[in-house]
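Peer 1: For reference, the structure I am asking about is given below.
Throughout, read-outs are computed from the coordinates displayed, never taken from laboratory work. Remember, predicted model here, so these are calculated numbers, not experimental data. Methodologically, a virtual Cβ is constructed for each residue, glycine included, from the backbone with ideal geometry; neighbour enumeration extends over all protein chains shown.
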Amino acid sequence: MTSKPNPAPFSINNSHIHNPPFTKNYGDTFLIFKAGKGAWLQDIDGKKYLDFGSGIAVNSFGHGRKDFAKIVATQMKTLAHTSNLFTSFPTLNLAARLVATTPLTASESGTPVEPYFAGVHLGNSGSEANETALKYARIYAKRKDNPNGHKILAFKNSFHGRTMGALSATWTEKYRFPSEPLVPGVEFIGFNDLEALNATLNSDFCAVIVEPIQGEGGLCPMTREFAASLNQLCAKYDVCLIADEIQTGLGRTGTFYASEQMGLQPDIICLAKPLAGGLPASATLVRQKIHHQIHAGDHGGTFGGNPVVAALACHILNLVQADSFLPGVQAIAQQLRTGLTALQKHFPFLGALRGAGMLIGIEINHPGTLESGSPELLASLIDCCKQQGLIVLRSGTNILRLAPPLTLTATDADKGLALLQKALTVFAKSCSSTAKP
Ligand SMILES: Cc1ncc(COP(=O)(O)O)c(C=O)c1O
């Protein structure tokens, strides 16, 4: 057997590493951070960056939290892992706390409601949470004697993760194609397309999987009419309505669940990203009718709900559920939106604002032509931001995504807007100097 020569060795310059020994799926050049405090990160050369990406909407409480470190260290010393053949109080506490959450629309009438959820599967990543939800929907359909009801309805521009099931319900061709053939039985229709929904959904389906706001797919929120039809049609055909709240849940959009804002009443909610303060964790919450149909051996995993992760996740829930927390998120989000509206006046290539709460999108058009921007144009703006010391994200092909820590201070919000203004100025200049005559 012949072996190929080793790949080029890695090299580091200007705080960036080239060719690290990672598989290349994330690229081949990375900025190396060494520390973080609050909303700020520091690279290995000491340059500071304001973090408006939060590790893709994970670090909702910023960096360098001593309270997090203490909880993790204490639990690590006490009991780090049991497997799911056994359990522990941190794991039980987390499950009970999550199951007690309710999308508030369920109690809008003001009358006490039945507990919304009955059970939770604890896992390790967003993809795993969705994978679990899709399996549960199939199991539910089979056990209630609808073996033909195996189809899954998903939406154009959706993103549900990279494992085979979650990827099969993800729209983006670039992510799908290299791994095809994917899991069969998934159909896509337009997001918020009522006519297509009415024409497509029937009892051949076991699940509809949907993001209340499409996080990777352009930050379009679901309309209230669409949510109402999803509620009604899923109930009519007894199809499991799965809300992927992996990016939007746990306060990111200004309410505990984004579903509350459009009146969506899911049978299953998937959470992950910020759930355990930066440690890997996910939750798939199910209502009674589904809980009832899941039997021993149907699903499982070695690590999910691990006591260390669970202890920290309980602390995160304390923080998010504190009375003053969500109003604080809404206030700082409003400050950012007001600042961004002012920037739109300076920079005509900034289009509409999207998203909700602290998940904010801004359409980026070409500064020269004002035509819709491209992924390359967006990448160059993200790079300008990085050079100015501001970390931001992309969504879709032409949406700049801001997802700062939910604990962002008013001072840091203003600093972020000022850095963005500088980056937009450099970006606009660079576009005009490279514009074709
Ligand atoms: C809405 C949504 N669903 C699922 C996922 C997948 O989560 P993970 O990367 O933790 O597997 C993501 C990740 O960005 C997401 O934004």
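Peer 1: Could I get the Rg over Rh figure for the stretch 185-328? Both from C-alpha atoms, Rh via Kirkwood, rounded to two places.
Peer 2: On the way: Rg = 16.3 Å, Rh = 16.5 Å.
Here the Rg-to-Rh quotient is 0.99.
Peer 1: Among the lysines, which have Cα under 17 Å from the Cα of LYS144 when same-chain residues fewer than 8 positions away are ignored?
Peer 2: Partners within reach: LYS135, LYS236, LYS289.
Peer 1: Just the number: Rg to Rh for the stretch 201-240, Cα atoms, Kirkwood Rh, two decimals.
Peer 2: Ratio of gyration radius to Kirkwood radius for the stretch 201-240: 1.03.
Peer 1: Can you give the % of DSSP beta bridges in the chain that are antiparallel, to the nearest 5?
Peer 2: Antiparallel: roughly 70 percent of the beta bridges in the chain.
Peer 1: Suppose R0 equals 41 Å; then what is the FRET efficiency for ILE32 and THR302 from their Cβ-Cβ distance, rounded to the nearest 0.05?
Peer 2: E(calc), rounded to 0.05, equals 0.85.
Peer 1: Same structure, new question: If you average over every viewing direction, what projected area does the convex hull of the Cα atoms of the chain give, in nm²? Mind dumping the intermediate values first?
Peer 2: Numbers: hull surface 100.3 nm².
Its average projected convex-hull area is 25.1 nm².
Peer 1: Sort CYS384, CYS220 by Cβ crowding within 10 Å, fewest neighbours at the top. All intermediate terms of the calculation are to be shown ahead of the outcome.
Peer 2: Working: CYS384 22, CYS220 19.
Sorted ascending by nearby Cβ count, the order is CYS220, CYS384.
Peer 1: Here's something else I'd like to know. At SER11 and ASP67, where each label point lies 7 Å from the Cα along Cα→Cβ, what is the point-to-point distance in nanometres?
Peer 2: In this crude spin-label approximation the distance works out to 4.6 nm.
Peer 1: Here's something else I'd like to know. Quick one: which residues, 5+ away or cross-chain, put their amide H under 5 Å from the amide H of VAL186? H built at 1.01 Å from N.
Peer 2: ILE152
Peer 1: I need to check one value: relative contact order of the chain, counting alpha carbon pairs closer than 8 Å and at least 6 residues apart, in percent.
Peer 2: 20
Peer 1: Which pairs break 19 Å Cα to Cα here: LYS48/LYS415; LYS156/LYS386; LYS48/LYS70; LYS34/LYS273?
Peer 2: Flagged as over cut-off: LYS156/LYS386; LYS48/LYS70; LYS34/LYS273.
Peer 1: Also, quick follow-up: Using amide H atoms built in the peptide plane, which far-off residues or other-chain residues are under 5 Å from LEU390 H to H?
Peer 2: LEU50
Peer 1: Hey, another quick one. Pairs of Cα atoms under 8 Å, at least six residues apart: use those to get the relative contact order of the stretch 109-237, whole percent.
Peer 2: In percent, rounded to a whole number, it is 25.
Peer 1: With θ set to phi - 60°, apply the Karplus curve 6.51 cos²θ - 1.76 cosθ + 1.60 along the stretch 240-250 and write out the HN-Hα couplings as whole Hz, x wherever there is a Gly or Pro.
Peer 2: So the J values, rounded to whole Hz, are 6, 8, 9, 9, 7, 9, 5, 9, 8, x, 6.
Peer 1: By how many degrees, 0 to 90 and rounded to 10, does the Cα axis of helix 410-434 deviate from the longest principal axis of the chain?
Peer 2: Rounded to the nearest ten degrees, it is 60.
Peer 1: Take the alpha-carbon centre of the stretch 122-172, take the same for the stretch 192-260, and report the distance between them in whole Å.
Peer 2: 13
Peer 1: Taking the Cα atoms only, what angle lies between the long axis of helix 325-346 and the longest principal axis of the chain, rounded to 10 degrees?
Peer 2: Roughly 40 degrees between the two axes.
Peer 1: Let me ask you something else. Using a 10 angstrom cutoff on alpha carbons, build the Gaussian network for the chain and name the most mobile of PRO181, PRO221, PRO327.
Peer 2: Between PRO181, PRO221, PRO327, it is PRO181 that shows the largest mean-square fluctuation.
Peer 1: If you plug each phi of the stretch 122-132 into the Karplus form 6.51 cos²θ - 1.76 cosθ + 1.60 with θ = phi - 60°, what whole-Hz ³J(HN,Hα) values come out, in order, with x for Gly and Pro?
Peer 2: Those phi angles translate into 9, x, 10, 7, x, 4, 5, 4, 6, 4, 4 Hz.
Peer 1: How long is the gain from THR172 to ASP193 if the chain were fully straight, where each residue apart is worth 0.36 nm and the alpha carbon distance is subtracted? Provide the component values of the computation, followed by the final result.
Peer 2: Values: separation 21, 0.36 × 21 = 7.56 nm, distance 1.81 nm.
Taking THR172 through ASP193 to full extension adds about 5.7 nm, to one decimal.
Peer 1: List every residue whose amide H lies under 5 Å from the amide H of GLY123, counting only residues 5 or more places away in sequence or on a different chain, with H placed 1.01 Å from N in the peptide plane.
Peer 2: SER282, ALA283, THR284, GLY305
Peer 1: Hey, another quick one. What are the ³J(HN,Hα) couplings of the stretch 83-96, residue after residue, when phi is run through the Karplus curve with 6.51, -1.76, 1.60 and θ = phi - 60°? Round to Hz, x for glycine and proline.
Peer 2: Each residue of the stretch 83-96 in turn: 6, 8, 6, 9, 9, 8, 5, x, 5, 5, 4, 4, 4, 5 Hz.
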